[in-house]
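Colleague: Let me begin by handing over the structure; questions about it come next.
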Amino acid sequence: MNVLLVYPEFPDTFWSFKHALKFIRKRASLPPLGLLTVAAMLPAEWGKRLVDLNVRRLRASDLAWADCVFVSAMVVQREAARQVIARCKRAGLTVVAGGPLFTSEHEQFPEVDHFVLNEAEVTLPLFLADIERGAARRVYRTNEFPDLGATPAPLWELADMKRYGSMSVQYSRGCPFDCDFCNVTALLGHKPRTKTATQVVAELDGLYAAGWHGPIFFVDDNFIGNKRLLRDDLLPALIAWRQGKRGLPFYTEASINLADDPELMALMVQAGFRTVFVGIETPDEESLAECSKIQNRGRNLVEDVKRVQRAGLEVQGGFIVGFDHDTPSIFDRQIAFIQQSGIVTAMVGLLEALPGTRLFERLKGEGRLTGQTTGDNVDGTTNIVPRMDLDALRAGYQRILRTIYAPKHYYARIKTFLREYSPPVSKGRFGFGDVKAFLRSIFRLGVLGSERFQYWKLLVWAFFRRRRAFPVAVTLAIYGHHFRRICERHVL
């Protein structure tokens, strides 16, 4: 059996970083970790070939080689997935689909032959057993949350690593919190389940042996969901593993209560973590109560962010407008929070209702759903009827993006962040690729860019006032180029 593992193309979105990746001559931010892990679960004797359409084309020769096709996708890849499936069916191939998009919307893809939904550790063995005896069902799904101790390491040899800006590993699934707009717990449960430190180190060993010395994303939805295990098991193992190795900065996602634990933050920095994404959502207490974001309530969120920054971690933030309790003042409050906190990478979206969430069920009961989500966090669309006038909501939302990604405010935010940030002493080297990316930034941003005044002002300031963080300043300037391109397409 020859299996073609196909990952549809991502549109140009906030998190695609397509415009920033051009500075380092990469084609995609991350490889498809789910498909690479599924590949490791397939019979060893089967032929396997990965086609990530974000880094290369699907060729006729690929389709001719294959006996069947496995497709995985996220919601934002919905239309690209339809195109892939249609082409594979025209080629006469059996199509097997799984992943977040199909787990929530499989009824909308009648042309798919088999769905292997939820977590593959449970459903894929059932499918493989049935296909072996010629009696495969159309849909395999489960409410079981598997132990990750038996999850195999991804088949990295299938990926063309040189085309990616980062690699990815997964330590845990699930989140102890219950935000009503988030589908993580619906898909993966409340109890964080983890791999062993030995498993994670083995995956890192595989990446390092393959020559990867760049950034690695721990894709956990809440990396600190089990603080005790993290503190006692994984982080000490990562600290030991990093001895004598260069590069490999880590980044991940965590809840804001990370700021309450100086010891844990220090261990994360020592283990190589440099960036965390945090769901801030809103500075409004009533809206936080509305969405059950209990971990963010009753806090000085700006000071929480600054504590994390001072510990040596850059904070990226997620923000939402369109809660029922939002008033027209929320737009200025969001702008003020983002600027004061120094959260440079600030993803701001309109509230959307995802299938499987409590928000979805509530709004469905109130008759306030208007269709599907696009999965694009900053395209200015929503699938709900908000309490605020929709035109006013969209206008206020667009004003937030116009403001925070205007060069004047964006570069001011970088300086606000760097004033707080305590960059760890790096064991990495500023390589030739980094030099070329810096030179490209000089030409594209410092010569041709509308932000050239702010660019040069930042670099001079960083060189003399925050020299250890100078590479971070250059990187964030390049990110700003990408974010402005995205905002220009949607709101500017």
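Every number in this text was worked out from the coordinates using simple rules, so none of it is lab data. This structure is a prediction, so every number in the text was calculated from the model and none was measured. Backbone-built Cβ (ideal geometry, glycine too); neighbour counts: all protein chains shown.
Colleague: How large is ³J(HN,Hα) for each residue in region 18-24, as worked out from phi by the Karplus curve 6.51 cos²θ - 1.76 cosθ + 1.60 (θ = phi - 60°), to whole Hz, x for Gly and Pro?
Modeller: Here the 3J(HN,Hα) series is 4, 6, 7, 4, 5, 5, 10 Hz.
Colleague: Below 14 angstrom from the Cβ of Ala210, what's the summed charge of the other residues (Lys, Arg +1; Asp, Glu -1)?
Modeller: On the way: positive: Lys162, Arg163, Lys245; negative: Glu157, Asp160, Glu203, Asp205.
Within the 14 Å Cβ shell, the charges total -1.
Colleague: If you average the alpha carbon positions of region 280-316 and of region 63-87, how far apart do those two centres end up, in angstrom?
Modeller: Between the Cα centre of region 280-316 and that of region 63-87, the gap is 38 Å.
Colleague: Mark the label point 7 Å from the Cα of Ile239 along Cα→Cβ and return the residues of region 175-210 whose backbone N is within less than 17 Å of it.
Modeller: 197-198, 201
Colleague: A further question on this structure: Taking θ as phi - 60°, what are the ³J(HN,Hα) couplings along region 129-136 by the Karplus curve (6.51, -1.76, 1.60), each to the nearest whole Hz, with x for Gly and Pro?
Modeller: Couplings: 5, 5, 5, 5, 9, x, 9, 6 Hz.
Colleague: So, one more: Which order results if Leu393, Leu128, Leu230 are arranged by neighbouring Cβ count within 10 Å, fewest first? Walk me through the intermediate numbers first.
Modeller: Numbers: Leu393 22, Leu128 16, Leu230 26.
Least crowded to most crowded, the residues run Leu128, Leu393, Leu230.
Colleague: Further, regarding this structure: Shape of region 54-165 from its Cα gyration tensor (a ≥ b ≥ c, root eigenvalues): rounded if a/c is under 1.5, otherwise prolate when a/b > b/c, or oblate? Show your work: numbers first, answer last.
Modeller: Numbers: a/c = 1.42, a/b = 1.16, b/c = 1.23.
In terms of gyration-tensor shape, rounded.
Colleague: List every residue whose amide H lies under 5 Å from the amide H of Gln316, counting only residues 5 or more places away in sequence or on a different chain, with H placed 1.01 Å from N in the peptide plane.
Modeller: For Gln316, whose amide H was placed from the backbone, the distant partners under 5 Å are Val276, Phe277, Val278.
Colleague: Could you give the angle, 0 to 90 degrees to the nearest 10, between helix 432-441's Cα long axis and the longest principal axis of the Cα atoms of the chain?
Modeller: Between helix and principal axis, roughly 60 degrees.
Colleague: Let me ask something else. Around Leu128, under 13 Å between beta carbons, what's the net of Lys plus Arg minus Asp minus Glu among the other residues? Can you show the working numbers first?
Modeller: Values: positive: Arg133, Arg137; negative: Glu45, Glu121, Asp130, Glu132.
With Lys, Arg at +1 and Asp, Glu at -1, the net is -2.
Colleague: While we're looking at this one, here's another question. List the GluC sites (Glu not before Pro) within region 121-175 that fall in a DSSP loop (any state other than H, G, I, E or B) and whose Cβ has at most 15 other Cβ atoms within 10 Å.
Modeller: On the way: sites: Glu121, Glu132, Glu144, Glu157; in loops: Glu144.
The qualifying sites are Glu144.
Colleague: Can you list residues from other chains, or at least 5 along the same chain, whose modelled amide H is less than 5 Å from the amide H of Lys48?
Modeller: Residues meeting the amide H criterion: Val3.
Colleague: Non-local amide H neighbours of Ala73 (under 5 Å, H modeled in plane, Pro and chain starts lacking H): which ones?
Modeller: Residues meeting the criterion, in which the H sits 1.01 Å from N, are Gly98, Leu101, Phe102.
Colleague: For the chain, just give the cysteines left without a disulfide-compatible partner, judged by no other Cys Cβ under 4.7 Å.
Modeller: Cysteines of the chain left without a disulfide-compatible partner: Cys68, Cys88, Cys175, Cys291, Cys487.
Colleague: Sticking with this structure for a sec: Using only Cα atoms, locate the centre of region 89-122 and the centre of region 187-235, then give the distance between them in Å, rounded to an integer.
Modeller: Between the Cα centres of region 89-122 and region 187-235 lies a distance of 27 Å.
Colleague: On to the next question. Give the value in nm², to one decimal: projected area of the alpha carbon convex hull of region 432-490, averaged over all directions.
Modeller: Details: hull surface 16.4 nm².
Convex hull of Cα atoms, orientation-averaged projection: 4.1 nm².
Colleague: Right, here's the next one. Can you sort Arg310, Arg444 by how many other beta carbons sit within 10 Å, fewest first? Could you put the intermediate results ahead of the total?
Modeller: Values: Arg310 14, Arg444 18.
So the ranking, lowest neighbour count to highest, is Arg310, Arg444.
Colleague: With both partners inside region 166-404, how many of the DSSP beta bridges are antiparallel, as a percent to the nearest 5?
Modeller: Details: 3 of 23 bridges.
Rounded to the nearest five, the antiparallel share is 15 percent.
Colleague: How much mean residue ellipticity at 222 nm does the chain get from its helices, if each DSSP H run of length 4 or more adds -39500 (n - 2.57) and you divide by all residues, to the nearest 500 deg cm²/dmol? Write out the running numbers ahead of the final one.
Modeller: Working: 19 runs with 197 residues, N = 492.
It comes out at -12000 deg cm²/dmol, rounded to the nearest 500.
Colleague: Counting only DSSP beta bridges with both residues in the chain, what percent are antiparallel, rounded to the nearest 5? Numbers along the way, then the final one.
Modeller: Values: 3 of 43 bridges.
Counting DSSP beta bridges with both partners in the chain, the antiparallel share is about 5 percent.
Colleague: When we measure straight from the Cα of Lys227, which lysines land under 24 angstrom away, once same-chain ones fewer than 8 places off are left out?
Modeller: Lys191, Lys195, Lys293, Lys306
Colleague: Between region 386-452 and region 317-351, how far is it from one alpha carbon centroid to the other, in angstrom?
Modeller: Each part reduced to its Cα centre gives a spacing of 16 Å.
Colleague: Residue by residue through region 87-94, what is 3J(HN,Hα) from phi via Karplus (6.51 cos²θ - 1.76 cosθ + 1.60, θ = phi - 60°)? Round to whole Hz and write x for glycine and proline.
Modeller: 5, 5, 5, 4, 7, x, 9, 6
Colleague: Here's something else I'd like to know. Reported to two decimal places, what Rg/Rh ratio describes the chain when computed on Cα atoms with Rh from the Kirkwood expression?
Modeller: Across the chain, the Cα-based Rg/Rh ratio is 0.95.
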